[in-house]
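The values are calculated or read from the model by the stated rules, or taken from the named source; none is laboratory data. Just so you know, these numbers come straight off a predicted model, no measurement behind them. FYI the Cβ positions are ideal-geometry reconstructions off the backbone, even for glycines, and counts take in every protein chain you see.
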Amino acid sequence: DGGITQSPKYLFRKEGQNVTLSCEQNLNHDAMYWYRQDPGQGLRLIYYSQIVNDFQKGDIAEGYSVSREKKESFPLTVTSAQKNPTAFYLCASSILYGRAHRELFFGEGSRLTVL
Amino acid sequence: KNEVEQSPQNLTAQEGEFITINCSYSVGISALHWLQQHPGGGIVSLFMLSSGKKKHGRLIATINIQEKHSSLHITASHPRDSAVYICAVNYGGATNKLIFGTGTLLAVQP
């Protein structure tokens with residue numbers, strides 16, 4: 001079955017360390033996204049990519065970096081510059097028809113805790 | 001003020017009850033999504049609407065473009081429906097960004 005696989009599901013990090021969250025999809029979707037979820041807030045967009053080797057900053061990109069070397073993969077690195085990285089991170093993908101997100105799929109999420 | 005407002009924030013129902021969750025937004029949109037988030041955290045897309053009404057099993061979603069309002073209904077609710085339900089809107093214009101509501105936490109008791 002097609003879907004999105006995120007790993008790891010839980011991750012603990014010491015302050016000052018970079019960590020990379022994996023996101024892989026086998027849906028043949030061009031568009032992929034990273035969102036951050038904090039208690040009491042809606043999902044917020046970190047980065048998105050609509051095509052291989054191209055990506056754009058979302059609303060809260062500071063302290064994060066991404067790459068899109070393959071269509072299937074969109075890893076997110078949480079750098080030491082991110083001031084408050086403890087959060088739940090969700091990867092998503094979709095087919096874009098004009099401005100509509102069709103076949104919107106999400107992964108199971110990765111929970112990052114900074115010690 | 002969030003651009004996407006959901007109500008109620010929390011809802012407790014007895015098994016079998018008819019449930020309605022509401023979503024209001026502030027500007028014109030190209031589409032609206034209803035999503036379901038289970039306790040483990042993964043999110044599933046339930047509906048994408050640009051007009052009218054859609055039905056899937058016991059779930060019904062409606063949208064009124066003029067009033068900028070959508071509702072998600074669950075008929076004959078069941079404890080397995082317990083989850084967070086999230087509304088997300090796709091604004092028109094130069095961007096295809098999704099704006100998310102903060103979610104409605106539903107608990108269906110047996």
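Structure data summary
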quantity	calculated
Residue selected from region A:1-43 under the condition among the small types (Gly, Ala, Ser) and within 14 Å of the chain's Cα centre (by Cα), by the criterion surrounded by the fewest Cβ atoms within 10 Å (Cβ to Cβ)	A:Ser7
Tally of residues being modelled with pLDDT under 95 and of a type in the set (A, V, I, L, M, F, W, C) across region B:65-79	1
In region B:37-52, the residues that are part of a strand (DSSP E or B) and either within 13 Å of chain A (Cβ to nearest Cβ) or surrounded by 13 or more Cβ atoms within 10 Å (Cβ to Cβ) (or both)	B:Gln37, B:Ile43, B:Val44, B:Ser45, B:Leu46, B:Phe47, B:Met48, B:Leu49
Candidate set from region A:44-64 (those that are under 11 Å from the mean Cα position of the chain (by Cα) and of a type outside the set (Gly, Ala, Ser)); member that is farthest from B:Val89 (Cα to Cα)	A:Tyr64
Residue among B:Leu105, B:Leu32, B:Leu98 that alone is over 30 Å from A:Ser49 (Cα atoms) and within 12 Å of another protein chain (Cβ to nearest Cβ)	B:Leu105
Whichever residue in region B:60-110 is in a strand (DSSP E or B) and touching a helix residue (DSSP H, G or I) at 6+ places or on another chain (Cβ under 9 Å) and, among such residues, is nearest to B:Thr20 (Cα to Cα)	B:Ile74
Residue within region B:63-86 that is of a type outside the set (A, V, I, L, M, F, W, C), within 21 Å of B:Tyr25 (Cα to Cα) and touching a residue at least 60 places away in the same chain (Cβ under 8 Å) present	yes
Filtered residue count, region A:89-115, keeping only those that are touching a residue at least 40 places away in the same chain (Cβ under 8 Å), assigned to a strand (DSSP E or B) and within 15 Å of A:Thr5 (Cα to Cα)	10
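Each row is one residue, and each column tells you yes or no for (1) more than 25 Å from A:Ser7 (Cα to Cα); (2) modelled with pLDDT under 95.
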site: B:Gly40; (1), (2): no, yes
site: B:Ser50; (1), (2): yes, yes
site: B:Lys55; (1), (2): yes, no
site: B:Ile63; (1), (2): yes, no
site: B:Asp81; (1), (2): yes, no
site: B:Gly92; (1), (2): yes, yes
site: B:Asn96; (1), (2): yes, yes
